[in-house]
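Contents: one structure, followed by commentary.
The values are calculated or read from the model by the stated rules, or taken from the named source; none is laboratory data. Values in this document were obtained by computation on a predicted structure and should not be read as measured data. Using ideal geometry, Cβ is built from the backbone for each residue, glycine included, and neighbour counts are taken over all protein chains shown.
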Amino acid sequence: MPLRTRTPGVPWQYMFVKICGITNEDDALLAVAMGADAVGFVFAPSPRQVAAQQVYDITRRLPPEILTVGVFRDEHPERVIDTVNRAGLKAAQLHGHESPAVVEEVARNIRWVIKAVTAGSVDARKADQFGTDMILVDAPAPGSGRVFDWGLVDDVAPGPRVILAGGLTADNVSEAVRLVQPWGVDVSSGVERAPGKKDALKVKEFIKRARAAVPARHVGPDRTPYDWADDE
């Protein structure tokens, strides 16, 4: 099934939205109810760090069409794969200095892999060498929740789908999407009322405004680029 149903007579518009830093079931269900395509769980050191069993208890209650993502930083590939499996996740986000070889090793065992790169970095300029279709572009201080110069996204090698992160909020996501024209957006602290606790109104407005600003180049077929449930 497609992730979104099309309203007759209305052109299909697609903007992938990931709500990251989920720490509890209520926030995961909230993100899904508000229309998020993906939810992220942080296994790297962070105030939002969670355990695999805790995440499994959440993911087993989520609809199959939601992309569930584990976020790791410079972790051994075997541990990434093991944690993703134990947590019942569909995807891994590698948010460190992982080499193309490490990304490839993870991708051999996990269907969906997102490689995060720092805006303006060497990794961003060679993003097409990581062998993954999804590249997340974050601020020079990843996970800081700070906005960076969006013009740096121009340095990302063409090819992979770009997911914009770094300091996004409901107040600036429309402008970010207009200027960068990414395939998707990712937010964590920008929709929180406290570290690890999401704010329902902020989540709702963020998703609404991100989708309203969808670039013309992402208006097209009736189906979204992926159906995460295909491999179930």
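Any residue that is among the β-branched types (Val, Ile, Thr) and either over 19 Å from Phe41 (Cα atoms) or over 16 Å from the mean Cα position of the chain (by Cα) (or both) - is there at least one of those in the stretch 132-139? Write out each step before concluding.
Initial filter on the stretch 132-139 (among the β-branched types (Val, Ile, Thr)): 132, 135, 137.
Checking which are either over 19 Å from Phe41 (Cα atoms) or over 16 Å from the mean Cα position of the chain (by Cα) (or both) leaves us with 132.
So far as the stretch 132-139 goes, yes, one or more of its residues are among the β-branched types (Val, Ile, Thr) and either over 19 Å from Phe41 (Cα atoms) or over 16 Å from the mean Cα position of the chain (by Cα) (or both).
Quick one: what pairs do we get from the stretch 37-59, first residue closer than 28 Å to Tyr14 by Cα, second assigned to a helix (DSSP H, G or I), C-beta under 6 Å, 6+ apart or different chains?
Listed by first residue and then by second, the contacts come to Val39/Ala28; Val39/Ala31; Phe41/Val55; Val55/Ala87; Ile58/Glu25; Ile58/Ala28.
Scan the stretch 56-79 residue by residue and report those that are closer than 23 Å to Glu105 by Cα and within 17 Å of the chain's Cα centre (by Cα).
Leu67, Thr68, Val69, Gly70, Val71, Phe72, Arg73
Write out, first by first residue and then by second, each pair whose Cβ atoms fall under 6 Å of each other, whose residues are 6+ apart or on separate chains, and whose first residue, in the stretch 154-178, is free of Cβ contacts under 8 Å to residues at least 40 places away in the same chain and under 9 Å from Ala127 (Cβ atoms) while the second is acidic (Asp, Glu) and not in a loop (DSSP other than H, G, I, E, B).
Ala157/Asp128; Gly159/Asp128
Output yes when any residue across the stretch 167-176 is under 21 Å from Gly70 (Cβ atoms) and not aromatic (Phe, Trp, Tyr), and no when none is.
yes
May I ask you to list the residues in the stretch 84-114 that are in contact (Cβ under 8 Å) with a residue 40 or more places away in the chain and over 21 Å from Pro64 (Cβ atoms)? Walk me through it before giving the result.
Start the filter on the stretch 84-114 by keeping residues that are in contact (Cβ under 8 Å) with a residue 40 or more places away in the chain, which leaves 87, 89-91, 93, 95-96, 111-112, 114.
Those that are in contact (Cβ under 8 Å) with a residue 40 or more places away in the chain and over 21 Å from Pro64 (Cβ atoms): His95, Gly96.
Tell me which of these Phe43 doesn't satisfy, since it passes every other one: (1) at pLDDT 95 or above; (2) surrounded by fewer than 22 Cβ atoms within 10 Å (Cβ to Cβ).
Going through (1) at pLDDT 95 or above; (2) surrounded by fewer than 22 Cβ atoms within 10 Å (Cβ to Cβ) one by one, Phe43 breaks only (2).
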